[in-house]
Amino acid sequence: MGRIRILSDLVANQIAAGEVVERPASVVKELLENSIDAGATRIRIEVEAGGRKLIRIADNGHGMVKDDALLAFERHATSKLRTSDDLLSISTLGFRGEALPSIASVSRLTLETRAPEEAAGTLVEIAGGNILRVEEAGLPAGTTITIRDLFFNTPARRKFLRSEQTELSHIASLVTNYALAHPTKHFELHNTTQALLVAPAVSNSAERLFQIFGRETSGLMLPTTAEMDFTRAGLPEPPPWKREQDYTPPDPGYLRITGFVSKPELQKLNRNSVYVFVNHRLVRDKLVLHALGEAYRNIIPPTSFPVVLLFLEMPPQEVDVNVHPAKTEVRFRQSSFVHDFIRDTVRTTLMQSRPVASFAAALHNTPHASASLLIDVSPLSNGPSQPVFEPNGQPQSEADPTATDVALFTLAAPQVPESPGRLAFPEAQVPVGYEAPTPNESETLNALATLKPLGQLRDSFILAVNDEGLWIVDQHVAHERVLFEKILREREVEKVQRQRLLMPVLIDLLPAQMVSFARLADELDRNGFEAEPFGPNTIAIKAAPVGLEGRELERMLEEVLAVPDREQQAENSETRRRRIAASIACHAAIKINMPLDPAKIDWLLAELGKTEHPTSCPHGRPIALRYSHKDIAKAFQRI
């Protein structure tokens, strides 16, 4: 006999399940996408034991007739593709035709479905890929799929699942994502003992953001929107000798960006609060994440991450969603164009808004506050308490804390958040409309030009007032922002001011730093340095940017050259230019504990008001905090 044989359908389905069904959340994702594709407006998800024992998804979509219900469990059976050309313009969430047969091969599955035009529905029961029964049943219009005992016939896969709370948190995160992407649909997520998410349909994404994350978080988000046609991207066309006589250039379509990005004061410890949707498909794309990181560069610290809800819309032929079995990654046809457009749109939003941080926000919204915005799935406490999700309230608690949630340089044990308890079902219906509060006072830094300085606090912070309230400005980071933008402007037009040193400064470097110096020598020269090797491990600095001298000059060069070689190779020219400019500005700026005369303070505040982004220094620290007149009146019980 030969060595090669054809696998049975059961084994082939189980292999496909290994690609599609990674964990219970993968099952929820596939079935949830099918419900959305079916036009459902109400979707209810129920889980037990983190999805191991039970996953049930019920929707009011268009359902299926009996023949389609049976055919759906055949491999590569789908209603969304007809020819291979359809792969180039996929507009649905599910399209592979592998989800249902793969899930059915590793679980006990029950399908209940009825098309609105049918008098009776169809019930299909499958266990381990084998059909046990098919019969008619009286069912409402729509589809309900129940998954029991996931991986019951593949115990090796079951052993690799995480704890129930971990698996449940992945499911909760997934449902939250799709609730954000489809605000006009009703979503419910229920555990055995509590309702994790109840999100009634609303009219737009702003209301959904307020509905799920609450007043505090939504108040720290900035709306962003932009549109650009793909003709500017230089779309490739077939050469003249391959064109038909009646050839007409295709319509390039538009790239649209809508959504919300967080103010610099709202920071998280990881990227779990970055929600990106491409044509309403949830993706975790490295290109988009890198673009967002570049947009927030020099605005928030590099170890912190923003909160982003971003929707990208483009022609289906411009994005390939068929590059990952679980469809979580995509590939853009014009990747550099999409990357730069996202980066520039978000950065422009931050620059134009110029948000100001209040004292309360600065104290409570730090990157150490929480890791993400995920809804709480912690075990229940003793007795009923508040609901986990309340549309008119605040998000209750976060996911289980990690080591990074603990305050730095302390030996205290991590504070585990108290469980919110069981869901209390009120008799009154949940209101559908939500309106975020409209602030009466200005929340931007446009009033910096009207500040009247009062003096210094410990020769480190400038106190100033205007009609909006009392301001405290960090003199070091304020001057750092002024110098940073000045260096970038002068670098752009090749007019960097440099000063000749009376005697060259000799700096000894390590061999790895000498290699870094050779790579950065040209950029350092464009920023005002005149340096050359002076022996095997020494460089001689003959000229430096104006304002950088002495020990600060040596520290700046050591800081720039200390970046690991791997990171230097990964950064592009723009990133390298901004990194060097930030380092020069930091070491040339006014220091703390330095007294300033009134004329110098007036000059610094005036120059700060002219900057493009006076919110934070290039390293992400806040520049100015405002104690508003309203807050002062409240503190003195005037209002």
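Karplus-based coupling profile of the stretch 450-461, in residue order and whole Hz: 9, 5, 10, x, 9, x, 10, 9, 6, 6, 10, 10, with θ = phi - 60° in 6.51 cos²θ - 1.76 cosθ + 1.60 and x standing for Gly or Pro. The label point for residue 162 and the one for residue 303, both projected 7 Å from the Cα toward the Cβ, are 2.3 nm apart.
Segment residue 634..residue 351, full-extension length gain: 98.8 nm, with 0.36 nm per residue of separation and the alpha-carbon distance subtracted. Work out the FRET efficiency for residue 216 and residue 322 from their Cβ-Cβ distance, taking R0 = 51 Å, and round it to the nearest 0.05. Given R0 = 51 Å and the Cβ-Cβ separation, E is 0.80. Expressed as a whole percent, the accessible area of the stretch 472-518 that falls on carbon and sulfur atoms is 62 (1.4 Å probe).
Taking a ≥ b ≥ c as the square roots of the Cα gyration tensor eigenvalues, the stretch 482-613 comes out prolate, since a/c reaches at least 1.5 and a/b is larger than b/c. Between the alpha-carbon centres of the stretch 95-134 and the stretch 260-307 there is a gap of 39 Å.
Spin-label pair residue 502-residue 228: with each label point 7 Å from Cα along the Cα-Cβ axis, the two points sit 5.1 nm from one another.
Along the stretch 586-600 the Karplus relation, 6.51 cos²θ - 1.76 cosθ + 1.60 evaluated at θ = phi - 60°, assigns HN-Hα couplings of 5, 7, 9, 6, 4, 9, 6, 6, 10, x, 10, 7, x, 5, 5 Hz to successive residues, with x for each Gly and Pro. Residues in the stretch 467-475 carry Karplus couplings, in order, of 5, 7, x, 9, 10, 10, 10, 6, 5 Hz; the curve used is 6.51 cos²θ - 1.76 cosθ + 1.60 with θ = phi - 60°, and Gly or Pro positions show x.
Using the Cβ-Cβ distance between residue 8 and residue 148 with R0 set to 25 Å, the FRET efficiency from 1/(1 + (r/R0)^6) comes to roughly 0.60. Over 18 Å between Cα atoms, which of 600/630; 452/600; 53/159; 159/286 qualify? With Cα atoms farther than 18 Å apart: 600/630; 159/286. Note on residue 567 and residue 137: the model spin-label points, each 7 Å out from Cα along the C-beta direction, lie 5.7 nm apart. At an R0 of 60 angstrom, the distance between the Cβ atoms of residue 597 and residue 244 translates into a FRET efficiency of 0.20. Excluding ligands, DNA and RNA, the accessible surface per residue across the stretch 434-543 is 55 Å² with a 1.4 Å probe.
Here the gap between residue 193 and residue 254, fully extended at 0.36 nm per residue and compared with their Cα-Cα distance, gives a gain of 17.3 nm.
When peptides 203-216, 449-462 are ranked by their average number of other Cβ atoms within 10 Å per residue, the highest-first order is 203-216, 449-462.
Taking amide H as placed 1.01 Å from N in the peptide plane, residue 308 has its amide H under 5 Å from the amide H of 274, 275, each at least 5 places away in sequence or on another chain.
Once the 1.4 Å probe is applied to the protein heavy atoms, the stretch 115-267 comes out at 47 Å² accessible per residue. When each of the peptides 592-601, 464-473, 101-110 is scored by how many other beta carbons lie within 10 Å of its residues on average, the order from highest to lowest is 101-110, 464-473, 592-601. A cut-off of 5 Å between modelled amide H atoms, ignoring neighbours fewer than 5 places along the same chain, links residue 268 with 305. Database remark: amide H of residue 445 closer than 5 angstrom to the amide H of 356 (H placed geometrically; neighbours at sequence offset of 5 or more, or on other chains; Pro and chain starts carry no H).
Computed packing ranks the peptides 304-311, 39-46 as 304-311, 39-46, most packed first, by mean other Cβ atoms within 10 Å.
The values are calculated or read from the model by the stated rules, or taken from the named source; none is laboratory data. Since this is a predicted model, take the numbers as computed values, not measurements. Every residue, glycine among them, receives a Cβ derived from its backbone with ideal geometry; neighbour counts consider all protein chains shown. In case anyone asks, the SASA skips ligands and DNA or RNA and just uses the protein heavy atoms, side chains included. Shrake-Rupley method; radii C 1.70, N 1.55, O 1.52, S 1.80 Å.
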